[in-house]
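A short worksheet on the structure shown next.
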Amino acid sequence: MLFIIFFEFSLGPLLWIYMSEIMTDKGLSLGVGVNWITTCFIGFFTKSLINAFGGGDEGSGRLFVGCGVITALCGLFVIFVVKETKGLSEQQVANLYSQEPDVKVERSSYLQLDETK
């Protein structure tokens, strides 16, 4: 329960926003798929993971520490790798993550406005 509480008030919801800002449609689809598979894995196999780490309170404690280490590594990744995209246009975000300067971005169909009205 602590995992869910801390995750939902930290990087949990930010993942969806950040993925939609920096990824192409295909990349976003892949990212969402990986996210759901990982979430289902955690949900379905938590009990088995606790037993694999020794069962009972000892297994729960080890799993909690393991998740804490992963969370700390994720925090370091965010601090040192993830770039701020607030207030940037789609073109600026593409240039921010591109190795080539001035990359041209084709707008996604869901972002295009119907200008016939």
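The values are calculated or read from the model by the stated rules, or taken from the named source; none is laboratory data. Computed from a predicted structure; not experimentally measured. In this analysis, Cβ positions are derived from the backbone assuming ideal geometry, glycine residues included, and neighbour counts consider all displayed protein chains.
Summary of values
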{"quantity": "Qualifying helices (runs of 4 or more DSSP H) (wholly inside the chain; at least 3 residues being within 15 Å of the chain's Cα centre (by Cα) and modelled with pLDDT of 80 or more)", "calculated": "25-52, 56-80"}
{"quantity": "Test set (1) over 20 Å from Asn95 (Cα atoms); (2) in contact (Cβ under 8 Å) with a residue 24 or more places away in the chain - Phe7 fails condition number", "calculated": "(2)"}
{"quantity": "Selection count where residues are at positive phi and out of contact with any Lys or Arg (no Cβ under 9 Å at 6 or more places or on another chain), scope the range 21-56", "calculated": "2"}
{"quantity": "Condition check for Leu28: of a type in the set (A, V, I, L, M, F, W, C) and within 30 Å of Glu90 (Cα to Cα)", "calculated": "yes"}
{"quantity": "Flag for Leu88 being under 30 Å from Ser20 (Cβ atoms) and surrounded by 13 or more Cβ atoms within 10 Å (Cβ to Cβ)", "calculated": "yes"}
{"quantity": "Residue that is surrounded by fewer than 13 Cβ atoms within 10 Å (Cβ to Cβ) and under 19 Å from Ile5 (Cα atoms), where the choices are Phe64, Phe80, Phe41", "calculated": "Phe41"}
